[in-house]
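The values are calculated or read from the model by the stated rules, or taken from the named source; none is laboratory data. All values reported here derive from a predicted model rather than from experimental measurement. Please note: Cβ atoms are built from the backbone with ideal geometry, for glycine as well, and neighbour counts cover all protein chains shown. These area figures cover heavy atoms from the full protein model, side chains too; ligands, DNA and RNA do not enter into them. Shrake-Rupley method; radii C 1.70, N 1.55, O 1.52, S 1.80 Å.
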Amino acid sequence: MHNLISKAVESHNLNAEELLELLKNDAINPELFASADKVRKKFVGDKVLLRGLIEFSNICRNNCCYCGLRRDNRKLERYRMPPDEIVYLATDAVTKQGFQTIVLQSGEDLWFSQEILCDIIHRIKKTGCALTLSIGEKSAAEYQAYRAAGADRFLLRIETSDPALYEKYDPDMSWKKRVQCLYDLKDAGFELGCGCLVGLPGQSLESLANDVLFFKKIRADMIGIGPLIVHPDTPLNGNPNGSFTLALKVMALTRLLMPQINIPATTAMEALVKGGREMALNSGANVYMPKVTPLNLQSLYQLYRK
Ligand code: SAH
Ligand code: SF4
């Protein structure tokens, strides 16, 4: 076995240079993926954890350059599910379809006030499920209110650990504020999900190595890594998609360094490559999030275009 991979399997520690060497070397990929698979099996077992994903609004106040939901995308028909429908879908997913975890995801849609969201959380938690939120940046007080209402986990990707790259592609947003949100979520008692995009134009392998170290530093409980898929109605139109294999490598390295965490086979991996979900689940991932969103709305929740 390549000595750096065996070092990672045994110590769950690599520095930036060592990560970079493995990212650069594609000859080691089969060994890297197999090792991440073994570490996954040893630390989190063979069960694939299922989370029912409800994409409840595609309205967003932000303008992230890679995302089809960005506010300047006027071509997208927008929708907002009424609270009763969100609660109905979640309850149905738990009581009839057997999901034990529900994930509520949306653009940053300010119509959903703290009061409305807390009411939704409270009603969904009556089913006894675990509840994950993925609704973007809020104040520390709001995060605390959602936690008090019963939400258990929160997904907020850093997108990239490089502040300059982040602020280039997330105009009007601050990398420091994003990091502060991650710590506020931890302080509020959430299980923390983070992650990054792979394939932003200008993103180097060094930068991806730092992303993996960033996840370890913030002690995330879950990490979602997805290849960038270019949406034509965004400023990234004309750029190439991110590499599936590179995203898989970043994911496998994250598993080696953080053996106990949950790692989803992301929808972007599945969308980019046929069989991508299975490949991810055989290379370190242990979670899958089927969409519970009604089909007619799924087609409008266009982070990227398939
Ligand atoms: N608005 C919330 C949650 C919805 S976006 C937030 O931004 O946190 C969820 C994730 O989709 C983002 O974190 C981003 O990493 C991913 N995403 C957005 N556009 C994408 C694209 N074009 N290709 C792949 N993933 C994308
Ligand atoms: Fe909005 Fe999230 Fe898309 Fe950024 S990534 S535009 S915050 S939905």
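Do you know which of the residues in segment 93-116 that are away from ligand 2 (no atom under 16 Å from the Cβ) and open to solvent by less than 40 Å² (accessible area, probe 1.4 Å) is nearest to Phe56 (Cα to Cα)?
For segment 93-116, the residue satisfying everything is Ile102.
Can you name the residue in segment 179-202 that is out of contact with any helix residue (DSSP H, G or I) (no Cβ under 7 Å at 6 or more places or on another chain) and under 12 Å from Ser161 (Cβ atoms) and is also nearest to ligand 2 (Cβ to nearest atom) among such residues?
Here the answer is Leu197.
Test Asp172 against the stated conditions and say whether it is acidic (Asp, Glu), touching a residue at least 12 places away in the same chain (Cβ under 8 Å), open to solvent by 50 Å² or more (accessible area, probe 1.4 Å) and within 14 Å of ligand 1 (Cβ to nearest atom).
yes
Looking at Arg71 and the list (1) without any contact (Cβ under 8 Å) to a residue 60 or more places away in the chain; (2) open to solvent by 70 Å² or more (accessible area, probe 1.4 Å); (3) more than 16 Å from ligand 2 (Cβ to nearest atom), which single condition is not satisfied?
Answer for Arg71: the failing condition is (3).
Mind counting the residues in segment 1-57 that are part of a loop (DSSP other than H, G, I, E, B) and open to solvent by 80 Å² or more (accessible area, probe 1.4 Å)?
4
One line per residue, one yes/no per condition, for (1) under 22 Å from Glu31 (Cα atoms); (2) aliphatic (A, V, I, L, M):
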{"position": "Met222", "(1), (2)": "no, yes"}
{"position": "Asp233", "(1), (2)": "no, no"}
{"position": "Asn241", "(1), (2)": "no, no"}
{"position": "Met279", "(1), (2)": "yes, yes"}
{"position": "Ala285", "(1), (2)": "yes, yes"}
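Kindly indicate which of Arg80, Arg51, Arg40, Arg71 is among the charged types (D, E, K, R), under 22 Å from the mean Cα position of the chain (by Cα), at pLDDT 95 or above and away from ligand 1 (no atom under 16 Å from the Cβ).
Being among the charged types (D, E, K, R), under 22 Å from the mean Cα position of the chain (by Cα), at pLDDT 95 or above and away from ligand 1 (no atom under 16 Å from the Cβ) holds for just one of Arg80, Arg51, Arg40, Arg71, which is Arg40.
Pick from segment 33-57 the residues that are in contact (Cβ under 8 Å) with a residue 40 or more places away in the chain and of a type in the set (Lys, Arg): which of them is farthest from Asp109 (Cα to Cα)?
Lys42
So the check is Cβ under 6 Å with 6+ separation or different chains; which pairs have a first residue in segment 125-143 that's in a loop (DSSP other than H, G, I, E, B) and a second one that's within 11 Å of ligand 1 (Cβ to nearest atom) and at pLDDT 95 or above?
Pairs that qualify, where the first residue is in a loop (DSSP other than H, G, I, E, B) and the partner is within 11 Å of ligand 1 (Cβ to nearest atom) and at pLDDT 95 or above, are Ile135/Ser106; Gly136/Glu108; Glu137/Cys181.
Which of the numbered conditions does Cys60 fail, given that it passes all the others? Conditions: (1) of a type outside the set (Ser, Thr, Tyr); (2) open to solvent by less than 20 Å² (accessible area, probe 1.4 Å); (3) within 16 Å of ligand 2 (Cβ to nearest atom).
Looking at each condition in turn, Cys60 falls short on (2).
Does segment 122-165 hold any residues that are open to solvent by less than 30 Å² (accessible area, probe 1.4 Å), out of contact with any His (no Cβ under 8 Å at 6 or more places or on another chain) and of a type in the set (Gly, Ala, Ser), and which are they?
Across segment 122-165, the qualifying residues are Ala130, Ser134, Gly136, Ala145, Ala151, Ser161.
Between Val273, Val292, which is touching a residue at least 60 places away in the same chain (Cβ under 8 Å) and either open to solvent by 20 Å² or more (accessible area, probe 1.4 Å) or within 30 Å of Asp92 (Cβ to Cβ) (or both)?
Matching residue, one of Val273, Val292: Val292.
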